[in-house]
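The values are calculated or read from the model by the stated rules, or taken from the named source; none is laboratory data. On a predicted model such as this, the values are computed, not experimentally measured, just so you know. So basically every Cβ, Gly included, is an ideal-geometry build from the backbone, and we count neighbours across all protein chains shown. SASA here: full protein model, heavy atoms, side chains in, ligands and nucleic acids out. Shrake-Rupley method; radii C 1.70, N 1.55, O 1.52, S 1.80 Å.
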Amino acid sequence: ALKISMMDESRVATVFLGDAAVEEGVFHESVNFAVLRHLPILFLCENNLYSVYTHLSERQPGGRSIADLARGYGIESFAADGNDVLEVERLTRQATDKARGGGGPTFLEFSTYRWREHCGPNYDNDLGYRTEAEFLEWQARDPLARFESVLRQQELVDDASKASLNQDIEQEIEAAFAFAKSSPFPQSDTLDSGVYA
C-alpha cells in the first residue's frame, strides 16, 4: 500500500486476517500506519470466532466488536455478515472505490464460521471445543447455499446452469493442476527476484 501510494497508482492493497490476528501487535501498528499515511488498503477480517481451538470470548473482552477496536485508530470500519455474498461484495466494492479515490484505508469485519479443522480438510467437532448445535447453526447459514437461493429466486440459475458451471469449474481446476505438474521448476537465478530485503 505504501508503494502504491508513493507511485501514485490506482491499485489497492488487501490484507486478509482472522479474528486472532487483532491480538498481535503488528495488526495495531499496521492499521495505525495505514491511517497516518492515508494508504489505499483494505483490512478484511474473517471473524470465525476461533483461534485454533479457543473461542473469541476467552481471548477478548465481552461486548467489544473487532470493527470498533479498529475504529479506535481512526480507520473507517464496518461489521457485516460474512456469509452474505452480496453484502460482502457491496462493502468491499465501496471500500475499494474509496481507496482508489484517495479516501484511505478501511477495515471490514465479516462474521463467518470455520466448518473444518484449523489446518486441514477434516472435521474436528469431536474435540469438544465447540458444540454441535453451534456448528449446525452456522452450517444452516452456508454462504453458497444462501447465494444460490437468491440466484434461483431471481431466475438467474437453474439445475442445468448450475451443473454446467460446476463442470466448467472442475475442468478449470484440472487444467490448473495439469499445468502446474507439467511446468518446469524455476531457474535458481530467479530465487531472489521480486524479494525486498
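Do we have E46 as in contact with a Ser or Thr (Cβ under 6 Å, 6 or more places away or on another chain), among the acidic types (D, E) and closer than 29 Å to L136 by Cα here?
Taking the combined requirement at face value, the residue satisfies it.
Would you mind telling me which numbered condition in (1) open to solvent by 100 Å² or more (accessible area, probe 1.4 Å); (2) within 18 Å of N83 (Cα to Cα) S149 fails?
Condition (1) is where S149 drops out.
Confirm whether Y196 is open to solvent by 100 Å² or more (accessible area, probe 1.4 Å), free of Cβ contacts under 8 Å to residues at least 40 places away in the same chain, touching a Phe, Trp or Tyr at 6+ places or on another chain (Cβ under 9 Å) and not in a helix (DSSP H, G or I).
no
Keeping to the stretch 115-124, report how many residues are in contact with a strand residue (DSSP E or B) (Cβ under 9 Å, 6 or more places away or on another chain) and open to solvent by less than 30 Å² (accessible area, probe 1.4 Å).
Here is the first cut: in the stretch 115-124, the residues in contact with a strand residue (DSSP E or B) (Cβ under 9 Å, 6 or more places away or on another chain) are 118.
Then keep just the ones that are open to solvent by less than 30 Å² (accessible area, probe 1.4 Å); that gives none.
Number satisfying all stated conditions: 0.
Can you tell me which residue among L165, L156, L127 is touching a residue at least 24 places away in the same chain (Cβ under 8 Å) and open to solvent by 90 Å² or more (accessible area, probe 1.4 Å)? Let's see the steps before the verdict.
Values: L165 fails: touching a residue at least 24 places away in the same chain (Cβ under 8 Å); L156 fails: touching a residue at least 24 places away in the same chain (Cβ under 8 Å).
Selected residue: L127, the only one of L165, L156, L127 that is touching a residue at least 24 places away in the same chain (Cβ under 8 Å) and open to solvent by 90 Å² or more (accessible area, probe 1.4 Å).
Can you work out which of the residues in the stretch 1-20 that are open to solvent by 70 Å² or more (accessible area, probe 1.4 Å) and under 11 Å from L39 (Cβ atoms) is nearest to the chain's Cα centre (by Cα)?
K3
Please give the number of the condition R71 fails out of (1) more than 27 Å from L144 (Cα to Cα); (2) in contact (Cβ under 8 Å) with a residue 40 or more places away in the chain; (3) open to solvent by 30 Å² or more (accessible area, probe 1.4 Å).
(2)
Give the residue, chosen from S77, S65, S30, that is closer than 30 Å to G128 by Cβ and of a type in the set (S, T, Y).
Working: S77 fails: closer than 30 Å to G128 by Cβ; S30 fails: closer than 30 Å to G128 by Cβ.
One residue alone meets the criteria, S65.
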